[in-house]
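What follows is a set of notes on a single structure, which appears directly below.
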Amino acid sequence: MNYTLGLGVASVGPFFPLVSAFLGWVVVFLSGSDTFSNALFGNLQVMAAHQLNLNPVLMAATNSSGSVMGKMISPQNISTGVATTELKDKEGLVFARTFKHSILLTILLGVLVWLQ
């Protein structure tokens, strides 16, 4: 399954580093777990990197780094973070203020990897 998905994702060609960062970002946003993102899409990243003649270690690391950018907007992490502060019951405010930073940093990561 990872091989087939890797072939599909590789079809974006030279824009794969940007897609690579967002794959990790999406999984962590939904699950809250960087480990889960690496387990789910790590092999996919490596397979797609081989198809595009890119460094597979760099692409797997991009997935993991993109995951960190999704961590700041993950509902599980936001609710845990605000539970002990004066921001209790203001999870939406925290999400709204960090969402733009998360997107911007993920794009920046993808561009940096693309340049590498």
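Any read-out appearing in this document is the output of simple, stated calculations on the displayed coordinates, not a laboratory observation. Remember, it's a predicted structure, so these values are computed and weren't measured experimentally. Note: ideal-geometry Cβ built from the backbone for every residue, glycine included; neighbour counts use all protein chains shown.
Give the residues of the range 58-116 that are charged (D, E, K, R), more than 14 Å from PHE29 (Cα to Cα) and in a helix (DSSP H, G or I), sorted by residue number.
GLU91, ARG97
Of all residues in the range 1-29, which are surrounded by fewer than 18 Cβ atoms within 10 Å (Cβ to Cβ) and either touching a Pro at 6+ places or on another chain (Cβ under 9 Å) or free of Cβ contacts under 8 Å to residues at least 24 places away in the same chain (or both)?
If the condition is that a residue be surrounded by fewer than 18 Cβ atoms within 10 Å (Cβ to Cβ) and either touching a Pro at 6+ places or on another chain (Cβ under 9 Å) or free of Cβ contacts under 8 Å to residues at least 24 places away in the same chain (or both), then MET1, THR4, GLY8, SER11, VAL12 are the ones that fit.
Is there a residue being in a helix (DSSP H, G or I), surrounded by 17 or more Cβ atoms within 10 Å (Cβ to Cβ), in contact with a Ser or Thr (Cβ under 8 Å, 6 or more places away or on another chain) and among the β-branched types (Val, Ile, Thr) anywhere in the range 37-49?
no
Working only within the range 17-36, note down all residues that are closer than 13 Å to SER64 by Cβ, part of a helix (DSSP H, G or I) and of a type in the set (Gly, Ala, Ser).
Of everything in the range 17-36, those that are closer than 13 Å to SER64 by Cβ, part of a helix (DSSP H, G or I) and of a type in the set (Gly, Ala, Ser) turn out to be SER20, ALA21, GLY24.
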